[in-house]
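Worksheet: one structure, shown below.
The values are calculated or read from the model by the stated rules, or taken from the named source; none is laboratory data. Predicted model, so just to flag it, every value in this text is computed and none were measured. Here Cβ is always computed from backbone atoms with ideal geometry, including for glycine, and neighbour counts include all displayed protein chains. For the accessible areas, the whole protein counts, side chains as well, though only heavy atoms, and no ligand, DNA or RNA atoms are used. Shrake-Rupley method; radii C 1.70, N 1.55, O 1.52, S 1.80 Å.
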Amino acid sequence: YLLSVLLHSAFCILTFCLSACRKAETPVASGDRDQILHLGNSAEPRSLDPTIAISSTESRILVALYEGLVNYSDDARRIEPGAAERWEISPDGKVYTFHLRSGLKWSNGDPLTSEDFLYSFRRLLEPAIAAETANYFDPVVGALDFREGRSHDPNTLGLRAPDAQTFEIALKTRTPYFLGLLVNYPFYPLHRASIEKLDARLRRDGAWTRPGVMVTNGPFRLKEWRVNDALVVEKNPNYRDAARVRLKEIVFHPVSDLDTEERNFRGGLLHVTRNVPVVKLDDLRKQKSPFLKADPLVSVKYATFNVTRAPFNDLRVRQAFAWTADRVALVEKVIRDGSRAADSLSVPGSGSMNNGEGYRSRTRLALDPEKARTALTAAGFPGGAGFPKVEMVFVTAHPGEQGMAEALQAMWQKELGVHVDLVNQEEKVWLDTLRTKNFQLLIDGWSATVNDPVDMLQLFKSDSPNNDAGWVYPSYDAEFDAAANAPDDTLRELHLQTMDAVLIEQLPMIPLFYRNQNYLVQASVQGWKENMLEWHPFQKVFLGPSASNAGGS
């Protein structure tokens, strides 16, 4: 009996030691086994309502939850069918007729029809919603008058659902990039019953976007939302192509600190990061790390002036600040992530004009400190004397923004003798600051939803909800409308060039740099294609039989 007790004790001790010595399984390792993808997602999303979403943080989640009429291919170079299996475009390019797939369902099993697209499109244009992306609908017949309150009859809109499987969109003018627009979240369908049950049709956001209530049509549905911890989506069994969706869940982690995110990747907590700390980039490049990805984006960082408030209501002050912002020094000494110094708002190479080489503004912002000091003196502040208190708002969670803000602060102090106070905000607060225009100067940015220069140039149209500067310039608006009505690409480009020239002349903003996104991806992540629009259709992503050790550590 004593021998039996001793042997049993020895076995228990040995088992305990083996268990204690065995390395705990990481989320990446278990995720590889169970098809659960862990993503770093920068910040807590402000909203999951596609109608009022505005940030890439939200967009990444909405791509998993919804599907529009059409999709981009996984490399974002082609338009592919989505909820619509096919479509026709009229010879004049003004009428798009979409034919929905048969048997489409919402995540709760309700049938999805063309009426759902009609409902969501009309809701986004409601003035009471004040959607920041409503201007994307401006090419649609009647859309501008409706969203600005001059028309109250939704039947005047160029939107029709003649039957359950057909959806028609009539445009005012030929819009070459329109299919690309339709890929994005403002054009997603909404589940009417969920919204109407909570009387939320004319309210921004609401309880209908919460787990257990939210109904979507994409490859995934909302499972959990633990604020400032994780947002979890699970495979939607009612998705039209559910049989081919291999991921069971995606966990979006709102990790705002880049160093923490990189450590989480190495520690096996994340499959994909959103960014990489600049201090780690050189070593990763030297090591030729297989985990490092670098995507040149159709995306621009810029500093926005609030031109409705002093001192930046004075063009000469804006000129002084713009002509002393050394963008080359900024990207080479501060950003250091492969981004390119910007000298115009439009991203070079965007669009498909010029025989496929893309668009390039011919008017470019110059660096001229001497001329800047002359402008500041003419504005009444020689050597910065008497210059009022000015604050610049930025977001620490945005890669490199603090260093960028500090560098610009130093440039203006050195060259102009003016001091700019820096104000750091969380992304959600910063988005509200943009919306209410409660700032003087702000680090801003835009990532294109469609690969065309008009997506940047629309930001400063007088009636654009994204005109953060509050800048109104009638001739700019006229050029925008002329570009929209141009009968061919040659004339269209001439108007685009004029708009870029006006922006550099009037300077409602300072272009800073064209973004390059650096991030880390585990070797087990399959179907993830790098592209210029940050477009990653999760229904094509899966976790393959690859090394699941985190970051090779």
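How many nm separate the modelled label positions at Ala482 and Glu224, each set 7 Å beyond the Cα in the direction of the Cβ?
In this crude label model, Ala482 to Glu224 measures out at 5.7 nm.
Ordered by residue, what ³J(HN,Hα) values in Hz, to whole numbers, does the range 381-388 give under the Karplus form 6.51 cos²θ - 1.76 cosθ + 1.60, where θ = phi - 60° and Gly and Pro are x?
My calculation for the range 381-388 gives 10, x, x, x, 4, x, 5, x Hz in order.
Report the equivalent ellipsoid semi-axes for the chain in whole Å, largest first, defined as the square roots of five times the eigenvalues of the gyration tensor built from alpha carbon atoms.
41, 34, 21
Net charge around Ala161, counting only other residues with Cβ within less than 11 Å of its Cβ (Lys, Arg = +1; Asp, Glu = -1)?
-2
Rounded to the nearest 20 Debye, what is the dipole magnitude of the chain about its Cα centre when Lys and Arg each give +1 and Asp and Glu each give -1 at the C-beta?
Charge dipole, the chain, about its Cα centre: 1060 debye, nearest 20.
FRET efficiency for Lys414 and Ala128, Cβ-Cβ distance as r, R0 = 51 Å, nearest 0.05?
Efficiency, rounded to the nearest 0.05: 0.60.
Amide H to amide H, which residues 5 or more places from His38 or on other chains are under 5 Å from it, using H placed in the peptide plane?
Here Val251, His271, Val272 satisfy the definition.
Which of the listed residues, Leu520, Pro162, Leu198, is farthest toward the dipole's positive end in the chain, when Lys, Arg count +1 and Asp, Glu count -1 at the beta-carbon?
Leu520
Could you check how much of the accessible area of the range 145-224 is carbon and sulfur, as a whole percent, using a 1.4 Å probe?
Carbon-and-sulfur percentage of accessible area, whole number: 48.
Sketch the reach of a paramagnetic label on Glu505 as a point 7 Å from Cα along Cα-to-Cβ, and name the residues of the range 294-317 whose backbone nitrogen lies under 18 Å away.
314-317
Take every Cα pair under 8 Å in the range 270-412 that's 6+ residues apart, average their separations, divide by the length, and report that relative contact order as a whole percent.
Value for the range 270-412: 25 percent.
Using DSSP to call loops (not H, G, I, E or B), can you name the trypsin sites (Lys or Arg not before Pro) in the range 238-343 whose Cβ has at most 10 other Cβ atoms within 10 angstrom?
Lys288
Roughly what would the spin-label model give for Ala385 and Arg101, points 7 Å off Cα along C-beta, in nm?
7.1
What is the list of residues in the range 45-65 whose amide nitrogen lies under 14 Å from a point 7 angstrom out from the Cα of Asp432, following Cα to Cβ?
46-47
Based on the Cβ-Cβ distance of Thr173 and Ser289, what FRET efficiency does E = 1/(1 + (r/R0)^6) give at R0 = 41 Å, to the nearest 0.05?
Once the sixth-power term is evaluated, E becomes 0.30.
If one computes the Cα centroid of the range 365-400 and of the range 473-541, what distance in Å separates the two points?
First find each Cα centre; the distance between them is then 26 Å.
In the chain, which helices (entire DSSP H runs) extend 20 Å or more along their own long axis, judged by Cα positions, while averaging at least 1.0 on the Kyte-Doolittle scale?
Membrane-span-like by this criterion, though nothing is claimed about a membrane: 2-21.
Relative contact order for the chain: what is it in percent, counting Cα pairs under 8 Å that are at least 6 residues apart?
20
Measuring with a 1.4 Å probe in the full set of protein chains, what accessible area per residue, in whole Å², belongs to the range 390-446?
Per-residue value: 39 Å².
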